[in-house]
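The values are calculated or read from the model by the stated rules, or taken from the named source; none is laboratory data. Note that this is a predicted model, so its numbers are computed, not measured. Note: ideal-geometry Cβ built from the backbone for every residue, glycine included; neighbour counts use all protein chains shown.
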Amino acid sequence: MYLELTPSALVALAVAAETLSLLLFGRANTLWRSPGMLEYPQRFLVLRSALVMIWVHAGVALLAPGGLSASYPTLEPNVLLLLALGMMGGLGLLLFSLSIRSMPAQLVFFGGSLHLVVAVAVGWLLGELVSPLRLTAIAVLLIAQASILWRDRGLWTSQGLRTQILPFAIGLIWGTYFPLYGLAIAQWGFWPTVIVTEWGVLVLMLMWFVWNPRGTWRDSLLWRRMLEQSALSSVAQALSGAALWWGGVILHSILTNFNVLINLSAFKIRFGEALSLKYLAYFVLYVALAVALVFGS
């Protein structure tokens, strides 16, 4: 992460990190379909967030000995900003998990286009260059997503108003969150950003749990599923942060928008949900764009 590398090498590292991150998130997202999520989701989310804190601290202790004390700066405005940023990401996670537990997976990722547009706009405002190659990649992605959204519009319009809005609310939140997360990493460092934002997620989930504490802790499936979910998502989040570090906000946003392929494949394998051939075109598109972005950097 700290080596002097060529732009092409950095892009290649970002592509590899984000690809692995998407694969891990794909498996982790299927775990939100646990039966108890329909009855007491707040317990799943607060347990997952508490376990993530354990995994993150263990990871820092292993990968950056002595980094834990350095990752806890004194209580200054920047720490409060990181906590607020973490709470924003936590809100996106909350809405995402509530939608993925029962909605068809293909609808949950309808907000990808909004995520891409917002993230690219924020990245541009933060000073990143939008090259012709990246503009082409963004345009191709938006056309592909608009085509899929149009073809699946019947399923989307058959849902209630709240269900129709949720994917785009998630896209707006994460389209803003990840660029700011990348800026925070550049400003305050990788591990401090990871740790303090995860504290923000945990604070939000604890507030929700205190407000609505129904359910039980005596659910073995709750513990098993959230142990796995928290471990997978902790590694995936760290990899996504590395991709932001190496590739920047705009490249990360382009790569992240292929989560529709990974997640729909995961839900097809786990739950037998439909996977139209039109989604498989995303795989070819991903490989082509990744190669073009690496060699065009």
Next on the checklist: Could you go through the stretch 154-173 and let me know if any residue there is within 22 Å of Gly89 (Cβ to Cβ) and of a type in the set (Phe, Trp, Tyr).
Outcome noted: yes
Checklist entry - Of the residues that make up the stretch 58-76, is at least one at pLDDT 85 or above and of a type outside the set (Gly, Ala, Ser)? => result no
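Given the criterion closer than 30 Å to Leu141 by Cβ, crowded, with 22+ Cβ neighbours inside 10 Å and modelled with pLDDT under 75, identify the matching residue among Leu293, Leu280.
On the way: Leu280 fails: crowded, with 22+ Cβ neighbours inside 10 Å.
Among Leu293, Leu280, only Leu293 is closer than 30 Å to Leu141 by Cβ, crowded, with 22+ Cβ neighbours inside 10 Å and modelled with pLDDT under 75.
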Checklist entry - Which of the residues spanning the stretch 215-266 are part of a helix (DSSP H, G or I) and of a type in the set (Phe, Trp, Tyr)? => result Trp223, Trp245, Trp246
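Condition check: within 20 Å of Leu94 (Cβ to Cβ) and either small (Gly, Ala, Ser) or free of Cβ contacts under 8 Å to residues at least 40 places away in the same chain (or both). Does Gly182 satisfy that?
no
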